[in-house]
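The structure appears right after this line, and notes come after that.
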Amino acid sequence: MSKRTEALAQRLEQGASALAAFASELTDAEWQARHPKDGRKIGVIVNHVATVYPLEIELALTVAAGKKVEELTGDAIDEMNAGHARKNDAVTKEETLALLKQNSAAAAAAIRALTDDQLDQAAEVSLYSDAPVTCQFVLEDHAVRHSYHHLARIRAALKPIVRAA
């Protein structure tokens, strides 16, 4: 484990922990509320973050091995997310928090197992128009950032509207 992989793993853990802490305090109504921008339930979005950690790590490991990533597009991700939302519409807070804890810990462990050379390895990734991007970039843009991104979106969606008197 290097200082870089430890720092990345810690940032992932901090984001997952913040999302878990926030989600654990949601009321049943908030858990079931639909996000105004994409229509998914808030609980489904939290479950989505937990569910995709293994896929995000797999993507990073593919790049770490110097292998080109093909057929990964924004449309493919949107389709995957829509399928996840349909399949997990009734997901519970308890099972989601357990999955978030399990999958974020596994993702952090996988990051800690990488070498600096693997972090620096670049490969063409179709999601980025076949630009050669590094494993570290992929980790930061996906597994590390994901919980922070959705936590901010959920907070904004649930923030009560304050009207001037």
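The values are calculated or read from the model by the stated rules, or taken from the named source; none is laboratory data. These figures come from a predicted structure and were not determined experimentally. Ideal geometry is used to build each Cβ from the backbone, glycine not excepted, and the neighbour counts take in all protein chains shown.
Residue by residue through the stretch 1-27, note down the ones that are over 17 Å from L151 (Cβ atoms) and in contact (Cβ under 8 Å) with a residue 12 or more places away in the chain. Answer for the stretch 1-27, where residues must be over 17 Å from L151 (Cβ atoms) and in contact (Cβ under 8 Å) with a residue 12 or more places away in the chain: M1, S2, R4, T5, E6, L8, A9. Looking only at residues of the stretch 31-61 that are crowded, with 17+ Cβ neighbours inside 10 Å and charged (D, E, K, R), we find that the one that is nearest to the chain's Cα centre (by Cα) is E56. The residues of the stretch 62-81 that are surrounded by 12 or more Cβ atoms within 10 Å (Cβ to Cβ) and assigned to a helix (DSSP H, G or I), listed by number, are T62, V63, A64, A76, I77, M80, N81.
Got a number for residues in the stretch 16-58 being within 21 Å of A106 (Cβ to Cβ) and in contact with a Gly (Cβ under 6 Å, 6 or more places away or on another chain)? So the answer is 0. One residue stands out in the stretch 88-142 among those that are over 19 Å from the mean Cα position of the chain (by Cα) and among the acidic types (D, E): the one that is nearest to R40 (Cα to Cα), namely D130. If the condition is being surrounded by fewer than 19 Cβ atoms within 10 Å (Cβ to Cβ), of a type outside the set (G, A, S) and within 25 Å of K87 (Cβ to Cβ), then the stretch 1-30 contributes F22, L26, T27, D28, E30. Checked against (1) more than 23 Å from T5 (Cα to Cα); (2) crowded, with 16+ Cβ neighbours inside 10 Å, A152 meets all criteria but (2).
Within the stretch 125-143, being surrounded by fewer than 16 Cβ atoms within 10 Å (Cβ to Cβ) and under 14 Å from A65 (Cβ atoms) holds for one residue alone: P132. Working carefully through the options L119, L127, L97, find the one that is within 15 Å of L19 (Cα to Cα), part of a helix (DSSP H, G or I), out of contact with any Pro (no Cβ under 9 Å at 6 or more places or on another chain) and not small (G, A, S). Answer to the selection: L97. Is it the case that L8 is among the aliphatic types (A, V, I, L, M), touching an Asp or Glu at 6+ places or on another chain (Cβ under 8 Å) and closer than 23 Å to I111 by Cβ? So L8 fits the description; yes. Residue selection: R40 fails the criterion of being of a type in the set (D, E, K, R) and either under 15 Å from A98 (Cβ atoms) or without any contact (Cβ under 8 Å) to a residue 40 or more places away in the chain (or both).
Scanning the stretch 1-29 for residues that are in contact with a helix residue (DSSP H, G or I) (Cβ under 7 Å, 6 or more places away or on another chain) and either polar (S, T, N, Q) or modelled with pLDDT under 95 (or both) turns up M1, S2, T5, S24. Scanning the stretch 82-116 for residues being touching a Lys or Arg at 6+ places or on another chain (Cβ under 9 Å), in contact (Cβ under 8 Å) with a residue 60 or more places away in the chain and surrounded by 15 or more Cβ atoms within 10 Å (Cβ to Cβ) gives a total of 1.
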